[in-house]
Amino acid sequence: MIGTTNTEYGIVTDNTAILVAAKYTWDPLRFFLAYEHIRQTNPANPLGVGASAQGGYLLSGVEDNNLDSPKIVQVAWTGIKYAYDSKTDITLSYYLELQNDFRVPSTCSPAAGFRSSCAGNLNEGSLYADHHFTKRFDVYAGVAYSKVSGGLGIAIPHKPGVPYYYDDNIAPTIGGRFAF
């Protein structure tokens, strides 16, 4: 038994990943491209209650055998930044995330319902402008539009009448930054 202070519940996996990224500048444009492949499996060396976690916490509960099959997550993104002038940049980006079914047997369908272990995808596009008034102070404004489906849509707030397995979101932002 361990105390209830300074503890957390943990889902433990062994993760392997590869990331490939590229950047190319052709003034006034800068192009970005990246791909990441992440593979999660049940741990080869399971942890138990009381094991140390990041931040100095102890595990008060542990799931070491959480995956029926490997969980594969693929992330790709691309973007282009346009230097409007020496103080203003405009960036257009696109992101894609894909996740496989990692429960056996898969019970994922609109009729059966979806869980976070179901295959799904996220598509997101964003447009962002940044203006530097000085070397240390800038203001920015942007908007992102995203659409999720399947298991990746479980944690997204949903509009009334829209099925939870397929939803979209618009997220505007505006702000300022002062760098020390």
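The values are calculated or read from the model by the stated rules, or taken from the named source; none is laboratory data. Remember, predicted model here, so these are calculated numbers, not experimental data. Heads up, the Cβs are rebuilt from the backbone with ideal geometry, glycines too, and the neighbour counts pull from every protein chain shown. These accessible areas exclude ligands, DNA and RNA; they are computed on the full protein's heavy atoms, side chains included. Shrake-Rupley method; radii C 1.70, N 1.55, O 1.52, S 1.80 Å.
Brief remarks follow.
- Rolling a 1.4 Å probe over the protein heavy atoms gives the chain an accessible area of 65 Å² per residue.
- In Hz, Karplus ³J(HN,Hα) per residue of the stretch 56-72 (6.51, -1.76, 1.60; θ = phi - 60°; x = Gly, Pro): x, 7, 10, 7, 8, x, 9, 10, 9, 10, 8, 10, 7, 8, x, 8, 10
- Residue among 60, 116, 93 with the largest mean-square fluctuation in a Gaussian network model of the chain, springs linking Cα atoms under 10 Å: 60
- Calculated FRET value between residue 135 and residue 24, using beta carbons and R₀ = 30 Å, to 0.05: 0.70
- The chain - percent of accessible surface contributed by carbon and sulfur, probe 1.4 Å: 61 percent
- Cα-based convex hull, the stretch 48-93, per residue volume (Å³, whole number): 143 Å³
- In nm, spacing of pseudo-spin labels at residue 14 and residue 116 (7 Å Cα→C-beta vector): 2.3 nm
- Springs join every pair of Cα atoms under 10 Å in this Gaussian network model of the chain, and among 28, 43, 70 the largest mean-square fluctuation is at 28.
- On the principal axes of its alpha-carbon atoms, the stretch 1-45 has extents of 62, 26, 10 Å, going from largest to smallest.
- In sequence order, calculated HN-Hα J values of the stretch 14-27 (Karplus, 6.51, -1.76, 1.60; Hz; x Gly/Pro): 8, 10, 10, 8, 9, 10, 10, 9, 9, 9, 9, 10, 9, 3
- Using C-alpha pairs under 8 Å with a sequence gap of at least 6, the mean separation divided by the residue count of the stretch 64-109 gives a relative contact order of 45 percent.
- Residue of 39, 136, 103 that the Gaussian network model of the chain assigns the largest fluctuation, springs spanning Cα pairs under 10 Å: 136
- DSSP-defined beta bridges in the chain - what % are antiparallel, rounded to 5: 95 percent
- Fraction of alpha-carbon pairs over 22 Å apart in the stretch 1-88 - percent: 54 percent
- Table column - 3J(HN,Hα) (Hz), the stretch 30-40, Karplus curve with 6.51, -1.76, 1.60, x for Gly and Pro: 10, 9, 10, 8, 8, 9, 10, 10, 10, 10, 10
- Calculated P(r) tail over 29 Å for the chain, as whole % of Cα pairs: 44 percent
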